[in-house]
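Working notes, beginning with the structure itself.
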């Protein structure tokens, strides 16, 4: 986990505020900097400035969002100093451009981008799009999608707040993405001083297909998968000896297996899709489905461009 720069997109919504809270805590965990970005789009249709649709009025609203975010960080620091970085470690950007495009432009090997999850679903989400799904699909580095947490929204108890990571849960396959996912998962667990659960799910269709004729062979496959996982894991346990880690190899649909193990203060870590971003958004990949339904933040470990 090399990145020490945390970038968060805000838009004045509850989702944006909770993304800000999580990103602020993440910057502290990583001992890095926080950049707060407010992007705005100017309508292509001419409009009278008096109606609030002119470029200046739209930019002013984006700047107001930055001012509210600054106040929020001060509030977080007053209640819990470890909830947000000091002022010198925070920078602010008001940028003209589509929010998704601006945030994708910030992704890369030296940064992690944080966005709030949107509530659009199904075909509406594909047609209309959302910032979180677009950034998650097209990023060139790690992205964290933070769901709206109703408990945190209505509670003043510090333990209910958005930001702390109590456990990291990583979904790992025995392919070329495994090391990328584990690098992020171990790094996050180490920074948060949290336990790590690594899950490898064997899809039941696979067991019911080529191995259906002999249950012993299905058990043999699981044993081989566990051995492969042990070999992969050994490289990372040596690098992170202080991380408490456990591994599960189970039969089940990967997305279902992972969701059954997640709680609101977890951080889920998954690999980015291998196919094109648009195909992933239309057909629904594991990361795409997870960011819409997980009860906790989801880190998608894309390969850096």
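The values are calculated or read from the model by the stated rules, or taken from the named source; none is laboratory data. Remember, it's a predicted structure, so these values are computed and weren't measured experimentally. Note that each Cβ is placed from the backbone with ideal geometry, even for glycine, and that neighbours are counted across all protein chains shown.
Step by step: first the residues of segment 105-134, then only those that are over 25 Å from residue 61 (Cβ atoms) and modelled with pLDDT of 90 or more, then the one that is farthest from the chain's Cα centre (by Cα). Which residue is that?
111
So, in segment 240-256, how many residues would count as being surrounded by 13 or more Cβ atoms within 10 Å (Cβ to Cβ) and more than 18 Å from residue 223 (Cβ to Cβ)?
6
What about residue 164, is it modelled with pLDDT of 85 or more and outside any helix (DSSP H, G or I)?
So residue 164 fits the description; yes.
Is it the case that segment 90-104 has a residue that's under 15 Å from the mean Cα position of the chain (by Cα), closer than 20 Å to residue 148 by Cα, buried (at least 16 other Cβ atoms within 10 Å of the Cβ) and at pLDDT below 95?
Yes, segment 90-104 contains a residue that is under 15 Å from the mean Cα position of the chain (by Cα), closer than 20 Å to residue 148 by Cα, buried (at least 16 other Cβ atoms within 10 Å of the Cβ) and at pLDDT below 95.
Can you name the number of the only condition in (1) assigned to a helix (DSSP H, G or I); (2) crowded, with 20+ Cβ neighbours inside 10 Å; (3) at pLDDT 90 or above that residue 137 fails?
Evaluating residue 137 over (1) assigned to a helix (DSSP H, G or I); (2) crowded, with 20+ Cβ neighbours inside 10 Å; (3) at pLDDT 90 or above leaves (3) as the failure.
What number of residues within segment 77-89 are in a helix (DSSP H, G or I), touching a helix residue (DSSP H, G or I) at 6+ places or on another chain (Cβ under 8 Å) and either modelled with pLDDT under 90 or buried (at least 20 other Cβ atoms within 10 Å of the Cβ) (or both)?
Adding up the residues that qualify gives 3.
For segment 270-295, how many residues are outside any helix (DSSP H, G or I), modelled with pLDDT of 85 or more and surrounded by fewer than 22 Cβ atoms within 10 Å (Cβ to Cβ)?
Here the count works out to 1.
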